[in-house]
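This report concerns only the one structure given below.
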Amino acid sequence: MPLLQPARPLGATGVVVPLVGYGTAPLGKPDVSRVHAVACLHRAIDLGITYLDTSPDYGSEPHVGEVMRDRRDEVFLATKINRRRKADVLDELKESLNRLQTDHVDLIQVHAVNAAADLEQVLAPDGAVAALEEARDQGLVRFIGITGHARPDILAQALRRYPFDAVLAALGAADRLVSGPEAALLPVAVERNAGVIAMKVLGHGEFRSRDLALRYSLGLPGVSLAIVGLNTPEQVDEIAAIAAAYRPLDGPELDRLLSEVRPIVERDGSESEEGKGALFWLHDSKVMGWKEHSEPELVAY
């Protein structure tokens, strides 16, 4: 018997989404077969996890596309673009649509906006957002969003400057201790009625108390849903059950979660200097759109 998933509005889009979405990055690893990935996705949709998050970087778009052949109408499909120039973005989006075997995505997101200069390029007259507006006019996308990892203040600036429909941000307990998105980003998102999508909620698998960690992120102001990376049908079952029984954390539960997470963050801070930190996004300064498609001086920024 499928679990009934609670649902919330995605900002002002008029769309209602389940409390958890399927982060498909784990399905894009080279050792994951198409059969396994498709089985996981079907299981998730059967249990009401109908928000699917992917990206051209993950390697999972072709797996998702196989499922979309039969179940496109059952899901809210989100992917991302990395390029920043208007001239490049539509081509990148159309490549994703081809892999996803669909004529449109519900949400397209400008991926990994982690620097102020990057935001300037995204919002420039010849930047990514201008291309995505054209894509929306052509019916290739329904809504436009933005994502970022280590700097919630940059995302807050983005929401003040452009009416993004949704923002995908790192909103786990580790982020509370490091970047403070609760103060820097969430009040602006609530004020602008943008859909807030939480990621990194389980600490890239580092947090033992998955129930507490997921419920923490879902209890933050303005959060519509949390994206969770899932590897197996058993993990899908576990996360679906937590969402189905969701209730906010109480004070002692929050204290317990932060006590667990704090030493993980402290350890990661020292390991990250050697390039080994598991909580990699806390130190993320890479700019996705400048890796291959911009002038050398911007790459060096």
Fill in the blank from the handout: Zone reached by a paramagnetic label modelled 7 Å from Gln101 Cα along Cα→Cβ, restricted to the stretch 218-245 with backbone N below 20 Å, covers 233
Problem - Stretchable slack from Arg8 to Glu134, in nm (0.36 nm times residue separation minus alpha-carbon distance) - result: 42.5 nm
Problem - Extension gain from Ala278 to Asp153, taking 0.36 nm per residue of separation minus the Cα-Cα distance - result: 42.7 nm
Problem - Estimated inter-spin distance, Asp73 and Leu177, nm [label 7 Å along Cα→Cβ] - result: 4.8
Practice task
Compute the separation of the alpha-carbon centres of the stretch 5-31 and the stretch 232-247 and state it in Å as a whole number.
Solution key: 13
Completion exercise
At the level of C-alpha centres, the distance separating the stretch 193-207 and the stretch 84-145, in angstrom, is 22
Completion exercise
Surrounding charge for Arg161, neighbours by C-beta under 11 angstrom, Lys/Arg +1, Asp/Glu -1, total +1
Problem - Estimated FRET transfer efficiency (Glu238, Ser33; beta-carbon r; R0 22 Å; 0.05) - result: 0.55
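No value in this document is a laboratory result; all are computed from the given coordinates. Everything quoted here is computed from the prediction, not taken from an experiment. Note that we place each Cβ from the backbone using ideal geometry, even for glycine, and neighbour counts take in every protein chain shown.
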